[in-house]
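Let me begin by presenting the structure, written as structure tokens, before commenting on it.
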Amino acid sequence: MILSYLDNMESNREEWIYVKKKKRIQLTTPMTRNFNKELITLVIPIALQNLISATVISADVVMLGMISQSTMSAVSLAGQITFALTLFYMGMATGAGILTAQYWGKKDVQTIQRILSTACLFSFSISILFFLVSFLYPETLMRFFTNDSELIRYGSIFLKMNSFSYLAMGISQMYLSVIRSMENAKLSAWISSLCLILNILFNALCIFVLFPDRPEMAIMAVALATVLARFIELGCCVIYSVTRGSIRFHFPIWDGIQHNLLKDFLKYTMPVQGNYIVWGGALTATAAIIGHVSADMVAANSVASVVKNLTIVLCGGIASGGSILVGKYLGKGETEKAKQVGSRMNLYALLFGIIAGCTIILIKPLVFSIVNLNAISQNYLDGMLYISAFYCIAKSINATNISGIFTAGGDSKFGFWCDSIVMWGIILPLGYLCAFVWHVSPLVLYIVISLDEIIKLPLAFYRYRQYKWLNNITRTFSPVG
């Protein structure tokens, strides 16, 4: 009798386990399969676009590095102004992307059109400001980054010409961000690919054919090549929007709906914008610290930054692509699916962060064979690449959570406070002390200024596990007209 009772219990237990497993398989397998398919469809084009964007910026630095170390270092420092402007674009594009992804989940294209108009208005205003300052005061800006007269002269030439590209970048970046959040990442990748090819061809023509022995003319021509590529990019966006696009460029229609959307745009954009400015401002400040330590460290850091940015593009694709899916599911009200997407994204972020780190180590010999550095800079670069390999792992996970998952669900304030405390309260003071008070070696200084992602990692993961990012932030608008 006892044995019969135990057999019944075991039979019931096995049946319960079978039902539970079957239910879990029915729930998660289609979800996982669909998610992987959707993520790959988004991640590949976005990663390609990120690679292209990073390559466009890096092409000027690397190709000028074939002329001389000074031209490369000067353009790298001048590029910090473009980087600062890009931070504004990233903040506004993220804010527009948050809203677009969730309204795309509701298939509300009319509202997305209004979001694009608002984002373009803000981005163009910022572009004009940066254009005027860079064109009128290039030497003043360069003196912030270095006191080397040669670097200031070369950098000012590049900055003054390159400032014209800002007038096109703001509008095109907003458009590409919005259509990407509408799961049309292939188009943005194609447009960016075309611009990259043109930019590299123009650079090669200027550096190796027209001005191989005239560095000042080569720098000016390379900057002009970037300007032409950016305006062609904008032209492609305009042509597509007019001929085939579901959304187009036009001025905002100021009514009650636009007023509410503007409040939402500012509500979710300002914390993200603040986060990018705090984070990017700290990176710019560290570049200034490095610029005042030694020209050799500037050269090594220029190359290390290029390598790091190129190898981590797939991680950025995971963050961007996954955030679009999280936003879409939250806009649909499918909270559990959004939570499963978040878990899967963290797993992929870890995997591709490790791949990025290993890639840096593997391509070291190739990097040294391409760039023309002196012995001291090569020694610095060797250590910087090893440090960057570990940095990429933490960076991948943090970017996925802070810039991807959290912002997709409207939890955009965490990144601002996290970077404010870590970057400005810890990293920058330590970096300043190490460079100018304790006078540590350049590699020790580089380790210190690279600790930010390691410090943020446990904080971001704890925030993720609180699930405060599971929010539907869309509104329901009455049809107009």
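Would you check if there is a residue in the range 193-216 being in a helix (DSSP H, G or I), under 30 Å from LEU151 (Cα atoms), of a type in the set (Gly, Ala, Ser) and touching a Leu at 6+ places or on another chain (Cβ under 8 Å)?
Scanning the range 193-216 turns up no residue that is in a helix (DSSP H, G or I), under 30 Å from LEU151 (Cα atoms), of a type in the set (Gly, Ala, Ser) and touching a Leu at 6+ places or on another chain (Cβ under 8 Å).
Find the residue count for the range 237-265, including only residues that are in a helix (DSSP H, G or I) and in contact (Cβ under 8 Å) with a residue 60 or more places away in the chain.
9
Output the residue which, of all residues in the range 270-317 that are hydroxyl-bearing (Ser, Thr, Tyr) and under 22 Å from MET345 (Cβ atoms), is farthest from the chain's Cα centre (by Cα).
THR311
Among the listed residues LEU205, LEU210, LEU194, identify the single one that is open to solvent by 30 Å² or more (accessible area, probe 1.4 Å), more than 15 Å from GLY317 (Cα to Cα), touching a residue at least 24 places away in the same chain (Cβ under 8 Å) and out of contact with any Pro (no Cβ under 6 Å at 6 or more places or on another chain).
Only one candidate qualifies: LEU194.
What is the residue count in the range 312-358 for residues that are surrounded by fewer than 24 Cβ atoms within 10 Å (Cβ to Cβ) and among the hydroxyl-bearing types (Ser, Thr, Tyr)?
3
Looking at (1) under 27 Å from THR100 (Cβ atoms); (2) modelled with pLDDT of 85 or more; (3) in contact with a helix residue (DSSP H, G or I) (Cβ under 6 Å, 6 or more places away or on another chain), which is the only condition LEU314 fails?
It is condition (2) that LEU314 fails.
Condition (residue is out of contact with any Phe, Trp or Tyr (no Cβ under 9 Å at 6 or more places or on another chain), modelled with pLDDT under 80, hydrophobic (A, V, I, L, M, F, W, C) and open to solvent by less than 30 Å² (accessible area, probe 1.4 Å)) applied to the range 72-94: is it met by at least one residue?
Among the residues of the range 72-94, at least one is out of contact with any Phe, Trp or Tyr (no Cβ under 9 Å at 6 or more places or on another chain), modelled with pLDDT under 80, hydrophobic (A, V, I, L, M, F, W, C) and open to solvent by less than 30 Å² (accessible area, probe 1.4 Å), which makes the answer yes.
List the residue pairs whose Cβ atoms are under 8 Å apart, where the first residue sits in the range 134-163 and is surrounded by fewer than 16 Cβ atoms within 10 Å (Cβ to Cβ), the second is at pLDDT 90 or above and of a type in the set (Ser, Thr, Tyr), and the two are 6 or more positions apart or on different chains.
PHE135/SER163; GLU139/SER156
The values are calculated or read from the model by the stated rules, or taken from the named source; none is laboratory data. Quick caveat: nothing in here was measured; it's all calculated off a predicted structure. Neighbour counts run over all protein chains shown; Cβ positions are idealised from the backbone, glycine included. Protein only, heavy atoms only, side chains kept; ligands, DNA and RNA dropped before computing areas. Shrake-Rupley method; radii C 1.70, N 1.55, O 1.52, S 1.80 Å.
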